[in-house]
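*Asks:* Here's a structure for you.
The values are calculated or read from the model by the stated rules, or taken from the named source; none is laboratory data. Every value quoted in this text rests on a predicted model; they were computed, and no experiment measured them. Ideal geometry is used to build each Cβ from the backbone, glycine not excepted, and the neighbour counts take in all protein chains shown. All accessible areas refer to the heavy atoms of the entire protein, side chains included, with ligands and DNA or RNA removed. Shrake-Rupley method; radii C 1.70, N 1.55, O 1.52, S 1.80 Å.
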Amino acid sequence: MALAFAPGPDNIYVLVQSISHGKSYGMATVCGLITGCIIHTTLLAFGVSAIIAANENLFFGIKLLGAIYLLYLAYKVFKSDASLNFNSEHVPKKSLKQLFVQGFFMNVLNPKVTIFFLAFFPGFLFSETMSTVWQFYILGGLFMLVSFIIFSIIALLAGQIKTYTLKHKNSGFVLKWLQIVVFVGIAVFILI
């Protein structure tokens, strides 16, 4: 949940579309983004499952690289500006279908999402007996459900969110440190 709430390009895009054109436009974007996660989950489920079956040391190496990537993300957030920018002056209006398709391709073509899933999901495998493919699909489904709920809340409450963050100048600072804590915490969890 913390990852979905943390300001990133996806939820900021949903927020800007909702602020600029209305809630239904934000929701169309949300649906496209979430649908794209199915592709990443499938690639991960079949690719990483094969690696796990082939070599546990290689699987540990993937987890280690995942933890390093998450620590890198935490560092990037640490070095970034804590201010939130909701400038919607130059946001072109697109149809709901166009926003769905754009959201889908934004997600599918973003290699950072694949890398993030690769870094994040293996640390949360929960069964020695269940197929890793099914476990990855369950984790992917949970991630999509939580992200859908949170992104939908962002789309539906866009006006209030913008007003709150503009009134409370330290909200960007709090969200920045929330991201850092989450990334570092997951990196540590993956390695334990």
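*Asks:* What is the number of the single condition among (1) more than 20 Å from Val182 (Cβ to Cβ); (2) under 17 Å from the mean Cα position of the chain (by Cα); (3) open to solvent by 40 Å² or more (accessible area, probe 1.4 Å); (4) in contact (Cβ under 8 Å) with a residue 40 or more places away in the chain that Leu118 does not meet?
*Replies:* Every listed condition holds for Leu118 apart from (1).
*Asks:* Just to be sure before I move on: is Phe100 of a type outside the set (D, E, K, R) and within 14 Å of Phe148 (Cα to Cα) in the structure I sent?
*Replies:* Details: of a type outside the set (D, E, K, R): yes; within 14 Å of Phe148 (Cα to Cα): yes.
Yes, satisfied.
*Asks:* Further, regarding this structure: Out of the residues in the range 76-116 that are touching a Ser or Thr at 6+ places or on another chain (Cβ under 7 Å), of a type in the set (A, V, I, L, M, F, W, C) and modelled with pLDDT under 90, state the one that is farthest from Val188 (Cα to Cα).
*Replies:* Val91
*Asks:* Would you mind telling me which numbered condition in (1) surrounded by 18 or more Cβ atoms within 10 Å (Cβ to Cβ); (2) touching a Lys or Arg at 6+ places or on another chain (Cβ under 6 Å); (3) not small (Gly, Ala, Ser) Ile161 fails?
*Replies:* Against the list (1) surrounded by 18 or more Cβ atoms within 10 Å (Cβ to Cβ); (2) touching a Lys or Arg at 6+ places or on another chain (Cβ under 6 Å); (3) not small (Gly, Ala, Ser), Ile161 comes up short only on (2).
*Asks:* Out of the range 168-189, which residues are farther than 24 Å from Leu64 by Cα and either among the aliphatic types (A, V, I, L, M) or touching a His at 6+ places or on another chain (Cβ under 6 Å) (or both)?
*Replies:* Those that are farther than 24 Å from Leu64 by Cα and either among the aliphatic types (A, V, I, L, M) or touching a His at 6+ places or on another chain (Cβ under 6 Å) (or both): Val174, Leu175.
*Asks:* May I pose another question? Residue pairs, Cβ under 7 Å, 6 or more apart or interchain, first in the range 144-167 and in contact (Cβ under 8 Å) with a residue 12 or more places away in the chain and among the hydroxyl-bearing types (Ser, Thr, Tyr), second outside any helix (DSSP H, G or I) and crowded, with 18+ Cβ neighbours inside 10 Å. List them.
*Replies:* As it stands, the answer is Thr165/Leu84, since those pairs meet every condition given.
*Asks:* Is there a residue in the range 142-156 that is out of contact with any Asp or Glu (no Cβ under 6 Å at 6 or more places or on another chain), open to solvent by 30 Å² or more (accessible area, probe 1.4 Å) and assigned to a loop (DSSP other than H, G, I, E, B)?
*Replies:* No, there is no match, as no residue in the range 142-156 is out of contact with any Asp or Glu (no Cβ under 6 Å at 6 or more places or on another chain), open to solvent by 30 Å² or more (accessible area, probe 1.4 Å) and assigned to a loop (DSSP other than H, G, I, E, B).
*Asks:* Looking only at helices (runs of 4 or more DSSP H) that fall completely inside the range 11-115, which ones have 3 or more residues that are open to solvent by 80 Å² or more (accessible area, probe 1.4 Å) and within 24 Å of Ile138 (Cα to Cα)?
*Replies:* Values: elements: 23-54, 56-79, 96-108.
It comes to 23-54, 56-79.
*Asks:* Right, something else. Can we say Lys176 is open to solvent by less than 40 Å² (accessible area, probe 1.4 Å) and over 22 Å from Cys37 (Cβ atoms)?
*Replies:* Values: open to solvent by less than 40 Å² (accessible area, probe 1.4 Å): yes; over 22 Å from Cys37 (Cβ atoms): yes.
Answer is yes for this residue.
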